[in-house]
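Worksheet: one structure, shown below.
Laboratory data are not the source of any read-out in this text; all were calculated from the coordinates shown. In this text, all values refer to a predicted model and were calculated from it rather than measured experimentally. Quick reminder, even Gly has a Cβ in these numbers, built from the backbone with ideal geometry, and neighbours come from all protein chains shown.
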Amino acid sequence: MANYTSTGTAYSGSVHKFINKINRLSEIVWHMSYDFPVLDRAQREMGLVIFPFNLPSRDSMQALDEDLSEVSSEMEIFLSHLSDEENPGLRDYLVQKLELVESAFDRIHMVVLKLDPVRLDETLNELGEADDCLSTSLESLLRSEDRVYYLWWVM
């Protein structure tokens with residue numbers, strides 16, 4: 001995969017800015033295993049992790065997750081304006097790069113949840129609350145749909 005920030009191709013400033021955002025997030029995720037050795041599977045398997053260990057803070061994980069979501073949303077808009085003729089291969093590069101960063105972050109997040117039962121419980125509770133909210137919303141939509149059908153049938 002080509003590194004589009006160093007190819008010397010004359011991309012617009014917005015392209016370079018967007019690539020730099022993805023690269024910054026990639027660096028943060030990549031360095032997490034150095035900053036928190038417990039996240040490195042090889043070190044855990046070799047028994048090199050000393051207890052008690054440090055994990056990334058909830059705030060830093062949440063901020064990184066929000067940054068990834070923001071960049072993902074921006075990328076949808078960005079790619080809709082990107083011409084494949086002017087920037088061959090750039091679309092695939094950006095999508096693949098962001099997917100790699102998101103995948104690495106998801107793996108780290110799963111390790112953190114496995115190592116911190118309190119966070120795992122909190123996450124499961126949040127998912128349960130979200131599921132309850134979704135179920136309530138769907139039920140109200142179904143009731144509304146039934147009323148609309150009834151009104152249509154009566155008319």
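Data table
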| read-out | value |
| --- | --- |
| Using a Förster distance of 41 Å, the FRET efficiency for D84-R58 (Cβ separation, nearest 0.05) | 0.50 |
| Backbone N within the stretch 69-90 under 19 Å of label point (7 Å from S14 Cα along the Cβ vector) | 70-90 |
| Length released on extending from E66 to C133, taking residue separation times 0.36 nm less the Cα-Cα span | 22.0 nm |
| Theoretical FRET efficiency, 1/(1+(r/R0)^6), r = Cβ-Cβ of A104 and S140, R0 25 Å, to 0.05 | 0.05 |
| Neighbour net charge for D92 - beta-carbon separation under 13 angstrom, K R +1, D E -1 | 0 |
